[in-house]
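The values are calculated or read from the model by the stated rules, or taken from the named source; none is laboratory data. Because the structure is predicted, anything quoted here is derived from the model rather than measured. Cβ coordinates were reconstructed from backbone atoms using ideal geometry, including for glycine residues, and neighbour counts include every protein chain displayed. The accessibility values were calculated without ligands, DNA or RNA, using every heavy atom of the protein model including side chains. Shrake-Rupley method; radii C 1.70, N 1.55, O 1.52, S 1.80 Å.
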Amino acid sequence: MADPTRPLPNLVPQADGSWTGRTVLTPTSFTTRGLFTLPPSKVIPVIVVPGTMGTNLRAATHPALQANEALNPGEPAWRAPNGTFEGLKTARKWKSFDPKTRQQILNGRALEVDTRGDIHLPTEARHYGMTEGEVRARGWGEVHWDSYGNLLYGLHVGLNHTFEMDTSDNVRVICRHWKDVMACDPAKWGVRSIDRITEPELEKHAGYYYPVYACGYNWLASCEASAQRLRQRIQDVIDFWRNRKRECAQVILVTHSMGGLVARACAKEVPEMILGVIHGAMPALGAPACYRRIACGTERWSPSNGGIDNKRAECVSDILGERPASTMPVMANSPGALQLLPTHLYPQPWLHVALVSRVNNKDVARDIVHLPVGNPYDLYRDFASWYRLVDPKLADPAQTQRGDLQKVERTLKAAVDAAEQFHRQTLGDYYHPDTYAFYGADPDHMSFGAVRWVARDPGEGAVFTDANLRRAVQVKYGETGGRRVRVEGHSDLHFVPARQDVAGDGTVSHQSGVGPRGKVRQLFDIRGFDHQGAFNHDAVLLLTHHLIVKLVQKMP
């Protein structure tokens, strides 16, 4: 009988092409052998690009960046909470911050990626030779662990363990997790049938080593700047393996949400460095939820949520800001946030003004105003209408423009101009030629396909039309993100934002999710996941493995 073995830490590649490993001497009576696993010499790195708010940020330490007015250099500025207890604690902290403090802390020009985030490797990681130091060097500490830990760890283990020996028969067999991928019902991926993985395809896949990286970015800054960071990470990773005499020419990108926009902008510049891209839950055409959160504050509930999920939504609202006075100072001054607004390609109209009347003892709503008509960026640059995206008087409580509203408006317009340029020119409808994507169109995860301002018709004989509702004047802000307006100088209406209205993933509507249709190799409609937890869904993880194997088949 062979001596038992124990896994040793993963081998470290050296500049001369060799590998080195570390272990310790043991007494001769200790018969458990140490086992090093030698990876293949051909390398295909996999880089995970997170979504908005999925990267840990800290106050700038680099001298080229602005000093953060609320934090000391290097002090954590943004870390999405891991777990329920940390979520409650974080919600209390952010709820206590006034708008000025929020703007100062989350000033994108005074922040940088924080590599020191939590990493919680499972106990079984030691069986695969994994160490925290190794994966932290690959950027895993840059991203939110609860959102991406399962993906990073699952890819690291799954991609690099394809076959194993059946000790009872001493024959090669396919590893269990790959059997699960091969046996997955295509209906779970939203398709009737699929080209299943074959054993010869797995054999080709097994000829490569797949180091898994994360690439965080400053999600408050422009996606173009983030794309440059990703491009540099791709180059650095390829150079690392080439300098150690490994065959490495291309990477695979796995993206989530806003990370898809970043990756598309990057891939447009260096498509030859990318073997393929897998986009998940990407707001391909933008998201009306972004308008809702800037203009009204963050929603605290959803009609498709249960009690526990609505409690989570309340915590998210406390963190991001329940009212526009809290959300505008951060989001309206952040190019990255504005680039999540509905683009010129999003189906119009998606902003409505509606009145509710009592008819036959029933409430009947009718849409009267429909926006935008034509260029949506003109709507975003409109600071006068009562339904405006941004109120300049709320946008700068930190007084970065010394109270000069004209300067505030110029700054805001410049940010919208940059978003329009990014949408129209940088992205357009470009996708890497070897792209797959999945999205959610789940009625159990309702999203904003449109935003509606709704008020009750006072029924006092006043006539409300498209024209006079557009000309109405805001009197003040109401509770829960509402606005009180006066029509033709005498009729007062209290508008509030309506609830989520279409199937989606809880954040991105299905209208935006299907944006890649006809432009990618295959688009999958997967049900059962919420936006932030997309890569914690079993079917999504299985599909990601499946698609990576299919991409690898392109290799010569």
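Before moving on, here are some points about what is shown:
- In the stretch 295-315, the residues that are aliphatic (A, V, I, L, M) and either in a strand (DSSP E or B) or crowded, with 21+ Cβ neighbours inside 10 Å (or both): A295
- In this entry, V463 is excluded by the filter for residues that are within 25 Å of V390 (Cα to Cα) and exposed (fewer than 15 other Cβ atoms within 10 Å of the Cβ).
- Subset of the stretch 66-82 [touching a helix residue (DSSP H, G or I) at 6+ places or on another chain (Cβ under 6 Å) and either within 16 Å of R92 (Cα to Cα) or open to solvent by less than 70 Å² (accessible area, probe 1.4 Å) (or both)]: N68, A70, A77, P81, N82
- The stretch 387-441, subset within 27 Å of P372 (Cβ to Cβ) and in contact with a strand residue (DSSP E or B) (Cβ under 7 Å, 6 or more places away or on another chain), residue surrounded by the fewest Cβ atoms within 10 Å (Cβ to Cβ): A441
- Any hit, the stretch 124-141, residues being touching a Gly at 6+ places or on another chain (Cβ under 6 Å), touching a residue at least 12 places away in the same chain (Cβ under 8 Å) and open to solvent by less than 20 Å² (accessible area, probe 1.4 Å): yes
- When V364 is tested against (1) part of a strand (DSSP E or B); (2) surrounded by 15 or more Cβ atoms within 10 Å (Cβ to Cβ); (3) of a type in the set (A, V, I, L, M), only condition (2) is not met.
- Restricting the stretch 145-155 to residues that are open to solvent by less than 20 Å² (accessible area, probe 1.4 Å) and in contact (Cβ under 8 Å) with a residue 40 or more places away in the chain leaves a set whose member that is nearest to W178 (Cα to Cα) is L155.
- In the stretch 86-96 there is at least one residue that is free of Cβ contacts under 8 Å to residues at least 24 places away in the same chain, within 20 Å of N150 (Cα to Cα) and not in a loop (DSSP other than H, G, I, E, B).
- Taking every residue in the stretch 490-503 that is closer than 21 Å to A287 by Cα and pairing it with any residue that is part of a loop (DSSP other than H, G, I, E, B) and open to solvent by 20 Å² or more (accessible area, probe 1.4 Å), at least 6 positions away or on another chain, the pairs with Cβ-Cβ distances below 6 Å are R499/P303.
- Residue in the stretch 143-155 that is modelled with pLDDT of 95 or more and either more than 21 Å from F535 (Cβ to Cβ) or charged (D, E, K, R) (or both) present: yes
- In the stretch 77-126, the residues that are of a type in the set (A, V, I, L, M, F, W, C), more than 22 Å from S317 (Cβ to Cβ) and over 19 Å from the mean Cα position of the chain (by Cα): A110, L121, A125
- Taken over the stretch 140-169, the residue count meeting the criterion of being among the polar types (S, T, N, Q) and closer than 28 Å to R79 by Cβ is 2.
- Within the option set T426, T400, T411, being part of a loop (DSSP other than H, G, I, E, B) and either polar (S, T, N, Q) or within 30 Å of A365 (Cα to Cα) (or both) holds for one residue only, T400.
- Selection from the stretch 216-269 of residues that are open to solvent by 10 Å² or more (accessible area, probe 1.4 Å) and among the basic types (K, R): R229, R231, R233, R242, R244, K245, R246, K268
- Selection count where residues are part of a helix (DSSP H, G or I), touching a strand residue (DSSP E or B) at 6+ places or on another chain (Cβ under 8 Å) and either open to solvent by less than 20 Å² (accessible area, probe 1.4 Å) or within 17 Å of H531 (Cβ to Cβ) (or both), scope the stretch 272-294: 4
- Filtered residues of the stretch 329-358 (kept if open to solvent by 70 Å² or more (accessible area, probe 1.4 Å) and either assigned to a strand (DSSP E or B) or of a type in the set (F, W, Y) (or both)): R358
- The residues of the stretch 169-193 that are among the acidic types (D, E) and exposed (fewer than 12 other Cβ atoms within 10 Å of the Cβ), listed by number, are D169, D185.
- So D118, is it surrounded by 16 or more Cβ atoms within 10 Å (Cβ to Cβ) and free of Cβ contacts under 8 Å to residues at least 60 places away in the same chain: yes
- A455 vs. criteria over 30 Å from F529 (Cα atoms) and open to solvent by 30 Å² or more (accessible area, probe 1.4 Å): no
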